[in-house]
Amino acid sequence: MKNKSLISISDYSVDEIMEVLELAKEFEKNPSQRIAESKVIASLFFEPSTRTMMSFESAANRLGARVIGFNEVSSTSVSKGESLSDTIKTVSLYSDLIVIRHHIEGAARFASEVSKVPVINAGDGANQHPTQCMLDLFSILRTQNTLDNLDIVLVGDLKFGRTVHSLVKAMTNFNTTFHLVSPVELKLPSAVKMFIKNRKLKYYQYTSMEEAIKKADIVYMTRIQRERFSDPLEYERVKNSYTLSKNLLVDVKPNMKILHPLPRVNEISEDVDNTPQAYYFDQALNGVYVRQALISKILGLK
Amino acid sequence: MEKVKKQLVVSAIENGTVIDHIPNDNVSTVVRILDLYKLDNEIFLGANLNSKKYGKKGIIKIKDKFFEDFEINKIALVASTATIIEIKDYKVYRKFEVTVPETISGIIKCFNPKCVTNMEITSTKFKIVDKKDIKLMCHYCEKITKKETLEFF
């Protein structure tokens, strides 16, 4: 995996992903390992994303690496009209690894083609966000001790949620049964369902979550955004039926855990936070371990 | 009569390539995809020709020009029925049907307006994920450009 860019989760084989997840377990036990002290990591956030940026910087810092970069473009030469290609070429001279977030879809793949150093995609528009997918997989592995033969319930905006699409694709490698809960307007796109069908796996579709939750090993919640609806009344009608509250957590499996890519708005009530099923904040912390593992692998330090 | 026409269509050039059975509406697209307007060779274009198989068809003949297979297979995206006939000394030297390639670079635009190929760079690259219905997955934004949204540079 040394020097191998990660742009889309499918760039890594299942074995490579598992290698990263196993290493992440090591970082969970011992997060402070200053094995990258001589390394410089460039963190180029052409679009602000405080949460992802801090997670990457925290991971880099715990490895002892120095971080250079920006979290908004107004103070950079990009605002003077420099091309993405030139920015990347230059920065790749100053660093050992580039982490890029960009609002343009495909920008990260393009960056990896012009960069002299490996590139990690930290989100390119509505396209890919592979480290989110890896930390989701890690959270499933940590809570279930396996990725195989699980029942996963995905709730909310399954149409536009890129984290949902990547997770579904990745989980088709592990004999998953999918339970898809969404308003009709926001169903999982057929292009993503194709991955499930190609593997001959089972999936069930619902418009409310009560029934599905009882079958779940993992409940993956996502935010439903008002602007996704052509009819605002439709949004008002459905929004509360996709809110997970404590009173729904009866008769659930004992191993069931709730994940959410965060930020949450109102799709998980705060009364769920203190239940044994709530795992979304641990999930955010897992992001740091997974990114530590990934950075170490790509830099050839582990 | 049929025989005479056949002779005219196929053997009218001494050496060169005939692209036959082009869907009638796509003759000019094929010209563009193959960059034929850049050639100095004699080129004959035909449209609205009768075809037993397809009703109306188009045909292109290019004198003294032979294509590489990968080069000419590009036209399969818009002319999947096309037959390539190579002529040497007025005789059919080689005849084959076009096949849809695995990947295609340039020529086609990504339909996604937010794709980097429509904003920062102009070269495109696609993997053909469905050869029958022509579905192209963009190498960069990973969105699918379908037959209905095919647009050429």
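Could you work out the mean count of beta carbons from other protein chains within 10 Å of each residue's beta carbon in A:118-131? Walk me through the intermediate numbers first.
Values: counts 0, 0, 0, 0, 0, 0, 6, 5, 4, 9, 2, 0, 0, 0.
Mean shielding count: 2.
Could you pull out the pairs from B:Lys125/B:Lys147; A:Lys2/A:Lys39; A:Lys197/A:Lys257 whose alpha carbons sit more than 21 Å apart here?
Details: B:Lys125/B:Lys147 16 Å; A:Lys2/A:Lys39 14 Å; A:Lys197/A:Lys257 26 Å.
Among B:Lys125/B:Lys147; A:Lys2/A:Lys39; A:Lys197/A:Lys257, the Cα-Cα distance tops 21 Å for A:Lys197/A:Lys257.
How far apart, in nanometres, would the label points at A:Leu285 and A:Lys246 be if each is projected 7 angstrom from Cα along the Cα-to-Cβ direction?
For the pair A:Leu285/A:Lys246, the computed spacing is 2.2 nm.
5 Å is the cut-off here: which amide hydrogens, built 1.01 Å from N in the peptide plane, fall below it relative to A:Arg101, excluding neighbours closer than 5 in sequence?
Close amide H contacts, sequence-distant or interchain: A:Leu44, A:Phe45, A:Phe46, A:Glu47, A:Ala122.
Taking a probe of 1.4 angstrom, what is the accessible area of A:Glu105 in Å², to the nearest 10?
Number for this one is 10 Å².
Bins of 10 Å, beginning at zero and ending with the bin holding the largest distance: percent of Cα pairs per bin for segment B:103-149, please.
32, 59, 9, 0
Based on the Cβ-Cβ distance of B:Arg32 and A:Glu82, what FRET efficiency does E = 1/(1 + (r/R0)^6) give at R0 = 56 Å, to the nearest 0.05?
Numbers: r = 33 Å, r/R0 = 0.59.
Using R0 = 56 Å, I get an efficiency of 0.95.
Residues of segment A:104-122 with the amide nitrogen closer than 13 Å to a label point 7 Å from the Cα of A:Ala191, along Cα-to-Cβ, please.
Counting backbone N atoms under 13 Å from the label point, the list is A:105-106.
Quick one: grab the alpha carbon gyration tensor of segment A:151-254, order the square roots of its eigenvalues as a ≥ b ≥ c, and give me rounded if a/c is under 1.5, else prolate or oblate depending on whether a/b is larger than b/c. Before the final figure, lay out each step's value.
Working: a/c = 2.23, a/b = 1.17, b/c = 1.90.
Note, shape of segment A:151-254 comes out oblate.
Can you work out the FRET efficiency for the pair A:Leu262 and A:Glu211, with r the C-beta to C-beta distance and R0 = 30 Å, to the nearest 0.05?
Working: r = 26 Å, r/R0 = 0.86.
Given R0 = 30 Å and the Cβ-Cβ separation, E is 0.70.
Between B:Thr99 and B:Asp25, what is the label-to-label distance in nm when each label sits 7 Å out along the Cα-to-Cβ direction?
2.9
Give the angle, between 0 and 90 degrees and rounded to the nearest 10, that separates the Cα long axis of helix B:2-11 from the longest principal axis of the Cα atoms of chain B.
60
Would you compute, for the Cα atoms of chain A, the largest minus smallest coordinate along each principal axis and list the three values in descending order, in whole Å?
54, 43, 39
Hey, what number do you get for chain B at 222 nm if only DSSP H runs of n ≥ 4 count, each worth -39500 (n - 2.57), divided across all residues, to the nearest 500? Don't skip to the end; give the middle numbers.
Details: 3 runs with 21 residues, N = 153.
Using -39500 (n - 2.57) per qualifying helix, the result is -3500 deg cm²/dmol.
Applying the Karplus parametrisation 6.51 cos²θ - 1.76 cosθ + 1.60 with θ = phi - 60° to the phi angles of segment B:138-153, what ³J(HN,Hα) value in whole Hz is obtained for each residue in order, glycine and proline being reported as x?
Values, residue by residue: 5, 4, 9, 8, 6, 8, 9, 9, 9, 3, 5, 10, 4, 9, 9, 5 Hz.
Please work out the C-alpha center-to-center distance from segment A:1-49 to segment B:93-136 and express it in whole Å.
32
Taking every residue in B:109-121, how many Cβ atoms of other protein chains lie within 10 Å of its Cβ, on average? Each step should come with its number before you reach the end.
Details: counts 0, 2, 0, 5, 1, 9, 8, 13, 4, 3, 7, 9, 8.
Mean shielding by partner chains, rounded to a whole number: 5.
B:Lys52: which aspartates and glutamates have alpha carbons under 20 Å from its alpha carbon, excluding same-chain residues fewer than 8 sequence positions away?
In chain and number order, the partners are B:Glu2, B:Asp20, B:Asp25, B:Glu97.
On average, how many beta carbons from a partner chain sit within 10 Å of the beta carbon of a residue in B:141-147?
4
Give the accessible area for A:Glu37 in Å² (nearest 10); use a 1.4 Å probe, count only protein heavy atoms, and leave out ligands, DNA and RNA.
For A:Glu37, the solvent-accessible surface is approximately 110 Å².
What do you reckon, how do B:Phe111, B:Phe96 stack up by accessible area (1.4 Å probe), largest on top?
Details: B:Phe111 95, B:Phe96 40 Å².
I get B:Phe111, B:Phe96, largest accessible area first.
Given the Cα-Cα distance of A:Tyr94 and A:Gln225 and 0.36 nm per residue of separation, how much length would full extension add, in nm?
Working: separation 131, 0.36 × 131 = 47.16 nm, distance 3.92 nm.
Stretched fully, the A:Tyr94-A:Gln225 segment lengthens by 43.2 nm.
From the helices alone, meaning DSSP H stretches of at least four residues, give me the mean residue ellipticity at 222 nm for chain A, per-run term -39500 (n - 2.57), in deg cm²/dmol to the nearest 500.
Working: 10 runs with 112 residues, N = 302.
Rounded to the nearest 500, the figure is -11500 deg cm²/dmol.
Which distance in nm do the two modelled labels at A:Thr275 and B:Glu14 give, with both placed 7 Å along the Cα-to-Cβ direction?
Taking the two extended label points, one gets 8.5 nm.
Rounded, prolate or oblate, given the Cα gyration tensor of segment B:16-97, with a/c below 1.5 counting as rounded?
Note, shape of segment B:16-97 comes out rounded.
Counting only heavy atoms of protein chains, what accessible area per residue, in Å², does chain B have with a probe of 1.4 Å?
57
The values are calculated or read from the model by the stated rules, or taken from the named source; none is laboratory data. Note that this is a predicted model, so its numbers are computed, not measured. Cβ sites come from the backbone with ideal geometry, for glycine too, and all protein chains shown count toward neighbours. Only protein heavy atoms, including side chains, enter the accessible area calculation; ligands, DNA and RNA are left aside. Shrake-Rupley method; radii C 1.70, N 1.55, O 1.52, S 1.80 Å.
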